[in-house]
Structure formats: structure tokens, C-alpha cells
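Right, one structure below, let's go through it.
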Amino acid sequence: MSAARRVVSRLAATVPVLAGTAVFTFVLTHVLPGDPAAFLASGPNAGPEEIAQIRARMGLDLPLPTQLWHYLQALAHGDWGQSHTTGQPVLTDLWQRLPASLELTVAAFVLTLLVALPLGTAAALRPRSLWDRACTVLTVGGSCVPSFVIALLLVYVFYFLLGWAPEPTGRIDAMIEPPPVRSGFMLLDAALALRWDAFASAAGRLLLPSVAMAAFSLAPVARLTRASLLGVLRSDPVRTARALGLSPRAVLAGALHLALLPVVTSAGMVFSYMLSANVVIEKVFAWPGIGSYALDALMAADHAPLQGFVLLVALMFVLVNFAIDLLHERIDPRVGSAA
Amino acid sequence: MDRRRFIQQGSAAFSLGTVAGTSLPLSAWAQARKDTLRVLSEGAPNSQDPHGEGVSRESLGLFFNVYDRLVNFDRAQLSPGVFKYDYGRFRGELAERFETSADGRTLTFFLRRDATFHDGKPVTAADVKWSLDRAVSLPASKRQLATGSLENPSQFTVVDAHTFRIALPRADRYTLPNLALSFASVLNSELAKSHATAADPWATEWVKAHEAGGGAFRIESFTPGQQVVYTRFDGWKGGSAPQLRRAVFQVVPSASNRVAALLKGDADVALQLPPKDLDALTDTTRAKVVSVPVTTSFRFVAFNTQAKPFDDVRVRQAIAYALPYTTLLRGANLGRGEALYGARPGKPASSRFPQPYPYDTQLLKAKELLAQAGYPQGFKTSFSYNVGDATLAEPAALLIQEALAKIGIALSIEKVPSAQWGTLQTEKKLPFFIDSSSAWFNDPDYFFRIFFQGDWRWNFGSFKNDELAKLLEQARWETDRAKYDRAIQRAIEIAFEQVPLVPLWLPTFEAALQPDLQGFTYYIHGQVDFRPLTRS
């Protein structure tokens, strides 16, 4: 099978996944107890007639299958529904907020890789050394302490006590005029507009949340790097290479290549997970991302944003997995030919 | 200048410059900061339409700063630098003055001749009429304005460009207070109409995301759910020009971060702080806490008076005698509120409401009443609270569970997600719960009509009483103060005796401010009014 055909068939395989997600989240949000109409009509003067009126206007009085049909039809036309908490179309909201989440996730992910890969490698090369112990402490600590505790602790120490970090609110200082929106990525937009004050402010505000997020995503990547590399170092090819007298540097390079496959898989999973699970971090740092958007929607019985969020995250998962598959083929040609 | 001072000033300038990170010259930055008010809150405005549906509480603050009404409540000083609206006195906002006819059925408003909207168009009586027509046509504002006999567009007449008349079927003391609410905001009718469509004649879709006002502040940027930036409208004529040039209203969900930003001087006002943070702030000089009792609200425990076992008045009284009031107020709310219990038994002291009920923790009496009602061994039921209210309701629920166990009532505590709370209350599915609520106006007959009668969510106890209904109908239109007081005192007696719900305390509105902020005014909407705020 040619590479192009493989890509097409893999892309086609994602369609049922996404369709299933759309139906599933629709049903899930509609069986949730909590009536959006009653929530909307919670002003101090709303009576039963208002609630009935709102329900009719939102189409909530129709039978569930009809509502689902309307939802899917709208979805097919690119209409993801309307949020009643923000008063905007869901797609607009998500489109405005996704770059914020992505920027934070990518920053945290890069930080994770920068720390976890060298740490895991060092721990595997020198088992039971100080590096290995440090790796264990960091991974166990990072995965045991809830991320919001780490976040609040960071805020308390670095903002409140020491004053090194900027105020943990949003993506940029409210007193600074934000750079014109081009990509939605604050750092990129600031750099494009040559607004270095905005760039510095945005970078400063990115620091604490990405450290807090990296603290919990560090553990799986570092541990897997260590375990994978340990396994490879004990494997036959590496032993043979050593016996043949290859230089330690060459041996390590080969071993790292071999150990990469499971690490890439887990890193991909961690990235997808970070994107959807950074709700708590976004809340603590008042970060205007998709996670806090979904949480607010959940609190307000606002169904459309919730469905939109799940669908978007499913889309991201699919894309990331797809990218990982492609990467696998690059790393290990056997993967492609087997498929 | 000696060397030490030079170094100090130099380093101060340096640190400021780096913190700000701006390209502005330092003095300009400091000036910009001084003229800007930064408010941190838990929620955010979600609409710019004062007649909109499903608007958040924070939107009310936006309506007051961005739109003018014909009249507003005057204010009275509570303590140095802190004011509260005065429900009984009105002052003109768009109206220079107004007249009430002898029979009270005609109100004539004389508009300021120099007032303009943000786009420079003069404010005319036609704008006022269009806005009030819109208000009584859209459901959310319609229902509220009806409580002040404002129901039909035919009541509103344009006399000339600057004279506007309202005709009432009968004199109504709730008309003026309703006109001072955000529901009676005046919109730029031409601007709004230019965005109306056949399907949406009132341009609700457009106004939701675009202000059409003429108030003291205009909106520079509006990000729903995140932040709103206001700038002063220098052409405002509705009152004395505000000192602040700019205001930034931002959402910071974590209360501890709101406090930290206030203490570090990065924010000026922090709202919706939990009692423990407020207590901590009371001891510092880096912030001041404003506390204003909200006399139109109450925190209470309610039960479904239409279902067993709470349909028996003796069971309700037993619970009113068994609740651990003082422990609740101190333990769950750290004493922040005015007690609504422990009055001397007998007749109500005044016609004010809410007022303290003649109940206190007396377990023996409670047990006796339960036995008389046929529950000598007590009973089992569930006790619910809203998860969104957990900071206060969770400890309160545990204290109530412990206290009622002493008279044999076993409670299972149910945490209800916020999204579901409204549904369960509307459908009357909660047997026993804790909540708080508030009405727009403080008159006792208004308060009673909302909370103690009717088949709707706000009658939390699902209470029905014919005598009460008659008394309230009589008090609604009573103009003789003595007769009104007599009817209301009898109504309060019924509430004391029948216990449709058990009030616990009167909540306080609380905000933490930078110590140099003066003129903070608590208005009926419980949001920050930027107009009177000054920095000393």
C-alpha cells in the first residue's frame, strides 16, 4: 500500500469515531439532570410561563431523537450551537479560546520533554544513582500532589511572597494593550506586531501555569523513558554492539533510537491528555482556554459548549494519534509495512 | 538630593519599570494606573442588553455603568467613604426633574436637553419611549416592570422631544423604584433599530453583544466570561463626571488569587470573597473591607410545606426550635450577617421584614412539639444544598445534621450540582434544604409576595395561606401607612407562627478595596458602580 493511500484510509477511519462522539456527547448531556431553561430563567422574577417559553425557543420541548437530528444537521452545516452563558456561537468561542489552551499546553509539553527526557535517560544510564533517585522523587511527587495544590503553592511562593512571577491572571497584563489578534497565540501575535512589552508580559504569565502543568505530565514521560531505555540497554543488539567494541557514544545513540518508540506514543497520549485535563490549571490561573469554558458551561447547564468541547477534544485526540502514527513510521519502517 | 535617596528612587523606578514592562514613560504609566480601576470577580457579565434573558448578576453592574435611566436612587452615607442607595429618595439621571399628578396616575419627566448617547446623538423622549416599549415587550424585563404597573406601550407618551409621560391605571408606589432598575435603561433607539430584523424587531441579538447606551462609561472591549474594559464617556451629563478614566473588570475564579492580587496592589476591588478571606483581610491595613447588610435578602432553611412530614406546622416549629442558630452563624459564616432569630416571643416589633423570628435553640420544646405531631422518635429525611454554595452550605449542613440528630431527626445530606438546583426547586422536589435569596425591593408586602405565595420557584416552602393572601392583596394598594403596618404586622405574625421557612440571618454584601478608594456606593444590584468612586 502506498503512503498516500495509508494516510487516506487512516483519515477515513476517524470519521466514525467523530460521529460516535457527537451522538454520545449529545445523549450524555441531555440525560444529565438539570434543565437549562430553569437555569436561564433564574432571575428573581421568572415564573413557569417564562420557563416554558424558553424551553420552546431552545427546542427543548421536542422529543430527544428530533433534537439529536436537528443537532447533527446543524453540525453538518458547521453550526455548533449557541452558548447561553457567553451569548456567542460555540464555534466562535472555541476558536477564540483554543489558541490559549494550545499555547499553554505546548509550553508545558516542551518543558516536560526538556526535563523528562534527559532525566529519564540519566536515570536509566546510572540506575540507583543520585539522578535515578531524583527522577523517582520528582515523578512520584508530581503524580501524587494534585496539580491545583502545586499551582496554588507556586502562586503563593513566587507571586505573593517573592514577587518574582507576575500576577497569575490571564494571558497578559490587563494594563497593557494586547497585541492585535492574528493567530490567537499571544506570543506569536506579540512578536509579529513587534510588541516586546506584550511579549514579555505574556511569556511571564505563561511560566507558572506551564510549570504547574509540567509537574504532573513529567511523571509518565520520565518513567517510560527510563524503563524503555533500561530494557533496550539490556537487549541483544546493544550487548552485541558493545561486544563488537563500538564507542559508548555510538551505542547510546543506537539505544536511544530504539527506545524512542514507546516514548513517542506515551508523549502523544500525555499531550492529548494535557489538552483536555488542564481545566484545573486554567481555573486557578484565570486562563481563558477551552477547559475553563467547558467547566463554566457544565456549571450553567449550558449543553452546546459542552458538546462542542468534547467534540473538539476528540478531534484533537484523533489528530495527535494520527501524527504519532506518521512519526512511528519515520522512526521504525517496520510499522508502516506491517500495516 | 543625598546619595541614599537617589538610590532608593532609582531602584523604585527601575523595579516599577520592569514590573510594568511597558514602553510608556514611567510617569504616564503611574498616571494610567491611578486613573484605572481594576475589579476582580468570580463571574463576568455575559450580555450588554439590559432587557436580556439569562443575564448574569455581573451584567447588572455593566447596565448601570453603561446605560442611564430616567431616575436613580439617591444615596446616603453609611460610614466614612461608604454609601448605600436610599430606597425612598430619587434623583434624576436622564430626567432633570419629574412631576407626579395629584392622583398619582400621571408621571411627567423633563429630560436634560444636553444629554447624548455615546455616538453623539441627543437623547430624546422618543428614545425613552422606544426603550420602555422594548422593556415591556421582552419577557425578562416585562415581568419585573409589571410589578410597578408598567405593562403596556400605550402607557408611554412622547409629549415633545424632551418631555415624556407615563400613564398608570392607578397610583403605584412601585413605579418609581422600577424605573430606577436596569430594566428601565434607556437605549439609543436609532442605533438599535438599525440592527433590527423582521424576525428580531427589538434587535436583541445585536444589543446582546453591543452596547447602545449613553451612560458614564462606554465599553472598550467585551470578552464574555473573561473581562470587560470600560472607558469614561466624557460627554456624560447624567451626573458629576467620574474621576476614573478606565475600569477593567476581570474574572479570577480562585478567591485566594483575588486576595493576593489585592494585597499586592495589582487589583483595586475583590468581590465574592469567602468569609475566612474577609476575616483575614479585616486585620490588615493593605486593604479595607466594605460590609453592607443586604436588607432585601435572607439566608434560610426551607422545607416543602405541602408534603409529609413538613405539612404539620408543629414539625416546622420543632425544627425552628432545634436549629443551632448561633453556631451556624459563627461556624458557617464566621458571624458575618445579622441574626434573624432570637426575638422575644409574641407580636412582631415592627413591620420591617426580614426581621428576627421569635425562635431560639430550645431542644426540649422541639422534642415536645415533635411528639405532639406524632413523631416522638423523630423521622428520616434528606437535606440538600447547592454545590455552588458549598463554602457556606457544607459546614452549615453538617451542623444542622448534628443538631437535628438530638431530637431524633436523621438527615442524609445531598449535594446538588448547581445546574440541577434550579430545576429541583422549580419542580418542588427538595424536601428540606438551605439556600439564600433576595428580592429587588425591601417593602414587606413585595417580599412576602415573592417568597410566601405563588406556584413558583421563589416560594421556597410552597406555602399557601388564604389569610396571608388577603392581607397582601390589601397591603399592595394601601396608601394609609397605619393600615399598611397593621396588615403587614398580621402577615408577619402568620409567618412567625406557620414557619413557611426558617430564616437564619441577613447576609451582608462584602467587597475588599484598596485603602485609598473612596465613595464606594452599594446599589440595589450589588455590583460596583464606577461613577462615584474616587482615589484619594
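Once the Kirkwood radius over Cα pairs is known for the protein assembly as shown, the Stokes-Einstein relation at 25 °C and 0.890 mPa s delivers a diffusion coefficient of 80 µm²/s. Summary of the geometry: segment B:62-125 and segment A:289-319, compared by the centres of their Cα atoms, lie 43 Å apart. The value of relative contact order for segment A:113-251, using C-alpha pairs under 8 Å at least six residues apart, is 35 percent. Here the simple spin-label model places points 7 Å from the Cα toward Cβ, and for B:TRP477 and B:GLU493 these points are separated by 2.5 nm. Run the Debye formula on the Cα coordinates of chain B, all scatterers equal and no solvent, and tell me log10 I(q)/I(0) at q = 0.05, 0.06, 0.12 1/Å. These q points yield log10 I(q)/I(0) values of -0.23, -0.34, -1.22. Straight-line cross-link reach from B:LYS34 at under 17 Å between alpha-carbon atoms covers these lysines, not counting any fewer than eight positions away in the same chain: B:LYS264.
Tell me which of A:HIS70, A:THR136, B:PHE530 sits at the most positive position along the dipole axis of the protein assembly as shown, charges placed on C-beta atoms (Lys, Arg +1; Asp, Glu -1). Of the listed residues, the answer is A:THR136. Taking the Cα atoms of chain A, the ratio Rg/Rh between the radius of gyration and the Kirkwood radius comes to 1.04. Relative contact order, whole percent, for segment B:297-506 stands at 34, derived from Cα pairs under 8 Å and 6 or more residues apart.
Across peptide A:164-176, the average count of Cβ atoms from other chains found within 10 Å of a residue's Cβ is 6. Beta-bridge orientation, chain B: approximately 75 percent antiparallel, per DSSP, counting only bridges with both partners inside. Taking the fewest neighbouring Cβ atoms within 10 Å as the starting point, the ordered list for B:ARG75, B:ARG170 is B:ARG170, B:ARG75. The relative contact order of chain B, computed from alpha carbon pairs under 8 Å that lie at least 6 residues apart in sequence, is 18 percent.
Cβ crowding within 10 Å, taken as a proxy for footprinting-reagent exposure, orders B:GLU478, A:GLU50, B:GLU427 from fewest neighbours to most as B:GLU427, B:GLU478, A:GLU50. Only lysines eight or more places from B:LYS380 in sequence, or on another chain, were considered; those with a Cα closer than 22 Å are B:LYS308, B:LYS365, B:LYS367, B:LYS406, B:LYS415, B:LYS428, B:LYS429. Across chain A, the longest piece that holds none of the trypsin sites (Lys or Arg not before Pro) lying in DSSP loops with up to 11 other C-beta atoms within 10 Å covers A:1-127.
As a proxy for reagent exposure, ranking B:THR100, A:THR25 by other Cβ atoms within 10 Å from fewest up yields B:THR100, A:THR25. Considered as an equivalent ellipsoid built on the Cα gyration tensor, segment B:297-506 has semi-axes of 26, 19, 17 Å, the largest given first.
Coordinate-derived values only; no laboratory data. Quick caveat: nothing in here was measured; it's all calculated off a predicted structure. As a convention, Cβ positions derive from the backbone with ideal geometry for all residues, glycine included, and neighbour counts pool all protein chains shown.
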